[in-house]
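Read the structure below first, then the notes.
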Amino acid sequence: MKFLRQQVNYKKRIAKNWRKPRGHHSKLREKRAGLRAIPDVGYRSPRVERLKQEAIVMITNLNDVKDLVKGVIVRLSAKIGNKKKAEILEACIKKGLIVLNYRRPAETISKIKDSFAKRVADKKKRFEKKKPIKKEEVAAKEEPKKKVVVKKKTEEATTSEKKVVVKKEGENK
């Protein structure tokens, strides 16, 4: 049974999760007839059902699965990454363990493997685009460079050009 908060259907901003009504004039707090149920002692689950929860084994790595026998109820830790999660789920299926936080472990394994395959394919495409060009290919693509020969005009040069030429020659020595 799901216990809903008071006036959850009247106001959008009120969350559905249960809060005890504490209002002075609250009919729900007074447990008047015709209103919602309030969590009470009579709604508790049977003891046998509650003891089953204590038998749940938390799995954090592959070594935890090796010690268990068939039919044990297990729960995978949320801190496990997808790669290890797939390995652990496969081991649980082989051993015949009941995994609580995955309804269909086989489907989960296939989804994880598909996502890995897709990521690998995307990565290959990205690296093909960024592939460095070899020097031989660059040389073949480029046209041979033409050598430009500059002849000095000493007699026809103006006086300012002669000064520049003289200064450059003096710097070289």
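Any read-out appearing in this document is the output of simple, stated calculations on the displayed coordinates, not a laboratory observation. This is a predicted model, so every value here is computed, not measured. For neighbour counting, all protein chains shown are included, and Cβ atoms are generated from backbone atoms with ideal geometry for every residue, glycine included.
About its Cα centre, the dipole of segment 1-53 is roughly 260 debye, where the only charges are +1 on Lys and Arg Cβ and -1 on Asp and Glu Cβ.
One decimal place: the segment Lys70-Lys129 gains 16.3 nm when fully extended, by the rule 0.36 nm per residue minus the C-alpha distance. What base-10 log of the normalised intensity I(q)/I(0) is obtained for segment 1-109 from the Debye formula, alpha carbons as equal point scatterers, at q = 0.11, 0.15 Å⁻¹? Once normalised to I(0) and log-transformed, intensities are -0.60, -0.77. Close amide-amide hydrogen proximity is noted between Gln6 and Arg19, each under 5 Å apart and 5 or more residues distant or on a separate chain (H modeled in the peptide plane; Pro and chain starts excluded). Computed over segment 1-44, the P(r) curve from all C-alpha pair distances, binned at 5 Å from the origin, holds 5, 23, 27, 30, 12, 3, 0 percent per bin. Measuring nothing but alpha carbons in segment 68-134 and taking Rh as the Kirkwood radius, the Rg to Rh ratio lands at 1.22. Annotation: amide H of Val57 within the under-5 Å range of Ile73, Val74, Arg75, sequence separation 5 or more or interchain, hydrogens built in the peptide plane.
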